[in-house]
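The values are calculated or read from the model by the stated rules, or taken from the named source; none is laboratory data. In this text the structure is predicted, and so the values were computed from the model without any measurement. We place every Cβ from the backbone using ideal geometry, glycine too, and count neighbours over all the protein chains shown.
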Amino acid sequence: MFLRDRRGICDRLMGVRERYADTVGFFFIGWVLHWIPFFIMGRQLFIHHYLPALWLAIMGFIGTLDLFTRRISRRVRQVLMIGLLLVTIRMYFQYSHIAYGTAWSREGCQSSKWLKSWDYDCKRYPSMHGTVTTTAVDVPQPTTVMPSIGGSPAVIHAQNPEDPPQAEHFDPLENENKLNEPAPRIDHDKLNSNADKLNKDMKKAATTARGDEKDEPVVHDDEKDEHFVGGDAGQDHTPTPQGSNLQAPVPPGF
């Protein structure tokens, strides 16, 4: 409409040009300002991120629909509005599983993708058909016999390792809240105090090690001479050096 005005073509829009420009133009600008910043984000978007942009887009669509259906008869217009209402209700029930996290099947999730660019994951939902039937040899399952009081023993069958894993509950809102949690603040004062304490402990340990080396007992030369033989501790004996030519006394009769 702006380009047509620049070319000299003034569209009156059936007398509602000003109202259309004020309402739909406002909603369009609000949608652009709310939607464009999310392209800068490098992670996946969720519905609560662009909910304001979605609301503004719906309001702009309603204003545009009202403009283009002004020349249609009232009966046809009512039929179109009822059809649009039914489509909206169907869309709500089809995609409410994503919004509210209710139970859904893998086939229903796949059928809800109109475009290949829709990237929400459907593998985390259980399949409606259950396990896939394959031609494999039946492996006997191990059993455990549990004693019971007043009756036959209870037999518990262990899970077959070939069975597919059970579907786990996944809460996207809880995981999104974890992603949005702020990073913990680093306490630089505490880190510096811990570093100073560590340095003091290291210096204290080094000083203690030097003091232990100085306090070691002094060993005299006569105590650590390995060439002395004989003698008891605490007695004054004349040591006999090893390797000398002295011989022990020979008893009589030899």
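Miscellaneous remarks
- Just one residue in the set Ile9, Ile40, Ile47, Ile82 is over 30 Å from Asp119 (Cα atoms), β-branched (Val, Ile, Thr), at pLDDT below 80 and loosely packed, with under 15 Cβ neighbours inside 10 Å; that residue is Ile9.
- Within the option set Asp66, Asp119, being of a type in the set (Asp, Glu), surrounded by 11 or more Cβ atoms within 10 Å (Cβ to Cβ) and modelled with pLDDT under 85 holds for one residue only, Asp66.
- Output for region 66-104, where each listed residue is within 37 Å of the chain's Cα centre (by Cα), among the polar types (S, T, N, Q) and outside any helix (DSSP H, G or I): Thr102
- Qualifying residue in region 90-99 (condition: touching a Leu at 6+ places or on another chain (Cβ under 8 Å) and surrounded by 11 or more Cβ atoms within 10 Å (Cβ to Cβ)): no
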